[in-house]
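Colleague: Before we start, here is the structure in question, set down as structure tokens.
Only the coordinates and a few stated rules stand behind these numbers; no lab work does. Everything numeric here is computed off the predicted structure, so don't read it as measured data. Counting neighbours? That spans all protein chains shown, and the Cβs are built from the backbone with ideal geometry, glycine included.
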Amino acid sequence: MFRRALLDKEATIHVLPVSNYIDEADMIHGAVYNKKIFFENASTTQIDPLR
């Protein structure tokens, strides 16, 4: 699940409330990811994965 948070100048984290548009992600156990395919897909969708 992704949450938004703010970090103030004293390095205190303030987690923002959950909105109606956030849902918990499904757990995938034992997933295998192929790094080469990930970077190929990122390139074709013009996403910079190292940004």
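Colleague: Taking neighbour counts of Cβ atoms within 10 Å as a proxy for exposure, in what order, fewest first, do S19, S43 appear?
Modeller: Listing S19, S43 from fewest to most nearby Cβ atoms yields S19, S43.
Colleague: Let me know the Kirkwood hydrodynamic radius for segment 9-49, please, with Cα pairs as the basis and the value in Å to one decimal.
Modeller: Values: mean 1/r = 0.0695 Å⁻¹.
So the Kirkwood estimate lands at 14.4 Å.
Colleague: Next up: Taking 0.36 nm per intervening residue step and subtracting the Cα-Cα distance, what contour gain separates N41 from L7 on full extension?
Modeller: The span from N41 to L7 would gain 9.0 nm if fully extended.
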